[in-house]
Structure formats: C-alpha cells, structure tokens
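A.B. asks: Let me give you the structure first, and then I'll get to my questions.
The values are calculated or read from the model by the stated rules, or taken from the named source; none is laboratory data. Just so it is clear, the structure is predicted and the values come from calculations on it, not from any experiment. Note: ideal-geometry Cβ built from the backbone for every residue, glycine included; neighbour counts use all protein chains shown.
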Amino acid sequence: MKPLSESTVTIVGLGLMGGSLAGALVGHCRQVIGVDRDTAALTRARERGFVDQAVDDLETGVRMADIVVLATPVRSIIGLVDQVGAWMQPDALLMDLGSTKALILEAMATLPEHVQVIGGHPMCGKEISGFEAADRDLFQGRTFILSPLPRTSDEALSLAETLVMAAGAQPLVVDGTRQDYLAGTISHLPYLLACSLVGTADATTSPDPLVWQIVAGGYRDTSRVAGSDVTMMVDILMTNREHVTKAAEVCGELLAELADLVARGDEQALRERLTYIRQTRKEHYQ
C-alpha cells in the first residue's frame with residue numbers, strides 16, 4: 001500500500017463531513033478527488049480549494065484512488081460498498097464516515113480480498129449540513145473511531161490512522177459492534193432527546209408568542225442537534241435501532257423518576273439524585 005503522502009484519496013459525498021475531510025487532507029496526500037452528484041457542491045469545493053479534482057462520475061473517481069472514503073448517509077454507504085469495491089485497485093483502502101458500523105462492516109466483509117477495508121466514525125459534526133458548512137478544522141482534536149475487520153491488515157490500519165491524524169483527529173480503535181452500543185447512548189439518543197425537547201416546547205408553550213423571546217442558552221444548547229439533517233439521522237437511527245431504543249427506555253425511566261420526585265415534592269431525594277448526576281458528569285466530562 002502507498003503511504004498517504006503518495007496516495008490519491010477519493011471522497012464520495014461532499015457534504016459537511018466529506019467536504020471537511022477533503023479540505024483537511026489537501027496537501028497531505030498526492031491529490032484529493034471529490035465525487036458528488038451535486039455539481040454546485042463540486043464547483044464550490046474547487047473554488048474553496050477543498051479538492052484537487054472534482055468529478056460527478058463515481059466510477060471515474062474510484063478507479064483513480066488509492067484510498068476511497070464513503071461520506072454519504074449510512075444506508076447509502078451500505079448500498080455503495082459492493083459497487084465501489086468492484087472498481088477499486090488492488091490493495092486500495094476503502095473506509096467510511098458513517099455513524100453506525102455493524103451493517104457497514106457486514107457489507108465490507110463481502111468484498112474481494114484484494115480490497116482493504118476499515119470502518120470509520122469521526123466523533124464531531126454540526127447541526128447544519130451540506131458543503132457550505134464544511135470546515136477544514138472540523139476534526140481538530142476530535143476522536144475518530146476506526147473499526148477494523150478481521151481481514152483488515154496492520155498496514156491498512158496504520159494508513160487509516162495516518163489519514164485520521166493528518167486531518168487533525170485522534171484515532172481510537174473500537175470494535176464496530178461496541179461502537180454502535182456506545183454511540184447509541186452518547187451520540188444517537190441525544191438527537192431524539194433534542195427533538196423531544198423541541199416537540200415539548202411546541203406542544204406546551206408555542207401558543208404564547210413570548211416563549212421564543214425568552215429562550216436562553218439552556219434550551220438552545222440542548223435542542224441544537226434537533227436541527228440536524230433528517231435523512232442522515234433517520235439512517236443512523238434505523239441502523240442502530242436496538243441500542244437506541246434500549247437507551248431511550250432507560251432514559252424514559254430516569255426522567256419519569258425525576259418527574260415523580262418533583263411531583264411528590266420530595267426535595268431531599270431529588271437533591272440527592274441531582275447531586276449524584278451532577279457529580280457523575282463532572283467526573284467524566286469537563
């Protein structure tokens with residue numbers, strides 16, 4: 001396999017994540033090729049210097065590549081794996097940026113042995129989508145999960161780690177099933193919670209026009225991800241249903257417990273529970 005500095009990297013999908021990765025990798029590899037059906041995104045990527053070449057033909061972009069990164073919604077990635085794998089050069093590396101891994105890795109496992117494969121999930125993002133939101137610094141200092149398959153060679157893993165570090169992120173190797181379990185609670189459930197919060201505000205206070213004038217940071221911060229791209233999020237939720245629904249059940253039980261303490265006016269028990277939760281957050285996330 002070629003080192004990153006000598007590799008042509010083709011990124012399929014120039015939305016927020018793919019566009020940001022393309023921009024971050026320019027100058028760290030032989031060339032970056034962007035592939036997208038949106039000609040306006042291709043034009044803007046060239047204008048902003050986020051790609052060295054921009055093509056709207058998937059096969060052309062894939063055949064030129066030493067590394068192919070699939071940066072489309074999860075179920076689109078799953079559908080593209082076989083097609084893209086058939087066009088890849090011997091010992092080329094196929095990776096992805098999907099937020100769930102198990103089904104993507106299942107699809108990757110069926111590819112011919114001459115194709116190297118690895119799953120990827122950068123733990124970052126924005127609530128806005130599309131190439132115009134792309135940011136070269138999006139990955140700086142962020143954790144970037146890599147999920148090798150049993151067939152993934154040490155050389156392929158090393159190349160993927162080099163790519164991740166070139167983008168400014170910190171690679172973390174995690175089994176795909178384990179990453180889905182963890183992400184279901186700390187990444188995917190928060191989206192449902194944010195949507196529930198917005199839905200609750202709409203159902204209970206929207207008749208009063210004053211509510212939107214007194215919105216403060218707490219509501220804005222906790223509801224932010226409700227503005228995420230719906231197609232992307234539905235794909236994530238539908239490909240991680242078991243873990244997301246289990247996390248939602250536990251969350252619902254805990255919310256009901258807290259609400260019951262408030263309803264009963266049990267201040268002492270409420271204070272103890274909230275103090276424990278506050279301390280838990282302080283210990284694990286500053």
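A.B. asks: Considering only region 132-147, I want to know if a residue exists there that is among the polar types (S, T, N, Q) and part of a loop (DSSP other than H, G, I, E, B).
C.D. replies: Yes, that holds for at least one residue.
A.B. asks: So Arg220 fits all but one of (1) under 23 Å from Thr100 (Cβ atoms); (2) within 23 Å of the chain's Cα centre (by Cα); what number is the exception?
C.D. replies: (1)
A.B. asks: Here is a follow-up. Anything in region 226-239 that is over 11 Å from Thr100 (Cβ atoms), loosely packed, with under 15 Cβ neighbours inside 10 Å and of a type in the set (A, V, I, L, M)? List them, or say none.
C.D. replies: Passing the criteria: Val230, Val234.
Conditions tested, residue by residue: (1) surrounded by fewer than 23 Cβ atoms within 10 Å (Cβ to Cβ); (2) in a helix (DSSP H, G or I); (3) among the acidic types (Asp, Glu); (4) touching a residue at least 60 places away in the same chain (Cβ under 8 Å).
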{"position": "Val51", "(1), (2), (3), (4)": "no, no, no, no"}
{"position": "Gly61", "(1), (2), (3), (4)": "no, yes, no, no"}
{"position": "Gln89", "(1), (2), (3), (4)": "yes, no, no, no"}
{"position": "Ile128", "(1), (2), (3), (4)": "yes, no, no, yes"}
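A.B. asks: Are there any pairs, at least 6 apart or on different chains, whose C-beta atoms fall under 7 Å, with the first in region 264-286 and under 16 Å from Leu254 (Cα atoms) and the second surrounded by 10 or more Cβ atoms within 10 Å (Cβ to Cβ), and if so, which?
C.D. replies: Filtered contacts from region 264-286: Ala269/Leu261; Leu270/Leu261; Leu270/Val262; Arg273/Leu258; Arg273/Leu261.
A.B. asks: With under 20 Å from Arg178 (Cα atoms) and either out of contact with any Ser or Thr (no Cβ under 9 Å at 6 or more places or on another chain) or surrounded by 13 or more Cβ atoms within 10 Å (Cβ to Cβ) (or both) as the only criterion, which of Glu242, Glu257 stands out?
C.D. replies: Result: Glu242 is the single residue among Glu242, Glu257 that is under 20 Å from Arg178 (Cα atoms) and either out of contact with any Ser or Thr (no Cβ under 9 Å at 6 or more places or on another chain) or surrounded by 13 or more Cβ atoms within 10 Å (Cβ to Cβ) (or both).
A.B. asks: Right, something else. So Arg46 clears everything in (1) surrounded by fewer than 22 Cβ atoms within 10 Å (Cβ to Cβ); (2) in a strand (DSSP E or B) except one condition, right? Which one?
C.D. replies: All conditions are met except number (2).
A.B. asks: Would you call Met123 farther than 18 Å from Leu237 by Cα and either surrounded by fewer than 24 Cβ atoms within 10 Å (Cβ to Cβ) or modelled with pLDDT of 95 or more (or both)?
C.D. replies: It is false that Met123 is farther than 18 Å from Leu237 by Cα and either surrounded by fewer than 24 Cβ atoms within 10 Å (Cβ to Cβ) or modelled with pLDDT of 95 or more (or both).
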